[in-house]
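Okay, so here's the structure we're looking at.
What follows is calculated from the coordinates using simple rules that are stated; it is not laboratory data. Please read these numbers as outputs of a predicted model, since none were measured by experiment. With ideal geometry, Cβ positions are generated from the backbone for all residues, glycine too; neighbour counts draw on all protein chains shown.
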Amino acid sequence: MLIQKGATRAEALMREIAGQGPEKTLSRGFAIVRTPSGEPLTRAAHVFDNAEIEIQFQDGRVSATSGKHS
């Protein structure tokens, strides 16, 4: 009985961890902006004018060049 409870809890934790990945967020219409080396950009202040960036969508990635900050 105790082993079964532990196994059930472990399965629940694995599902929770899997739900933390970016795929679920991307499937809801969000995108991740990254540097050319793949590091996520989390603030506009970290992006210089005319910087090369990569945008990750649910179905792929595109390269882009940033504009001026607003």
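Some points to look at:
- If you take the Cα centroid of region 12-35 and the Cα centroid of region 39-70, the two points sit 19 Å apart.
- Dividing the summed helix terms, -39500 (n - 2.57) for each DSSP H run of n ≥ 4, by the number of residues in the chain produces a 222 nm estimate of -10500 deg cm²/dmol to the nearest 500.
- For region 22-70, the Cβ-based charge dipole about the Cα centre amounts to some 180 debye (Lys, Arg positive; Asp, Glu negative; other atoms uncharged).
- In degrees, nearest ten, helix 2-19 long axis to first principal axis of the chain (Cα): 10 degrees
- Debye log10 I(q)/I(0) at q = 0.12, 0.13 Å⁻¹ for the chain, Cα point scatterers: -0.48, -0.53
- Loop chymotrypsin sites (Phe, Trp or Tyr not before Pro), the chain, which have at most 15 other Cβ atoms in a 10 Å radius of their Cβ (DSSP): F30, F48
- Coupling constants for region 49-59 follow from the phi torsions by the Karplus curve (6.51 cos²θ - 1.76 cosθ + 1.60, θ = phi - 60°), and in residue order they are 4, 6, 7, 6, 9, 10, 10, 9, 10, 4, 9 Hz; glycine and proline get x.
- For L41, L13, order by how many other beta-carbon atoms lie within 10 Å, fewest first: L13, L41
- Taking 0.36 nm per residue of separation and subtracting the Cα-Cα distance, full extension of the segment from E39 to L2 would add 9.1 nm.
- In the chain, a dipole from Cβ-located charges (positive for Lys and Arg, negative for Asp and Glu) runs towards its positive end, and of G6, S66, P22 it is G6 whose Cα lies farthest in that direction.
- Split the chain at each of the trypsin sites (Lys or Arg not before Pro) in a DSSP loop with at most 11 other beta carbon atoms within 10 Å, and the longest piece is 1-27.
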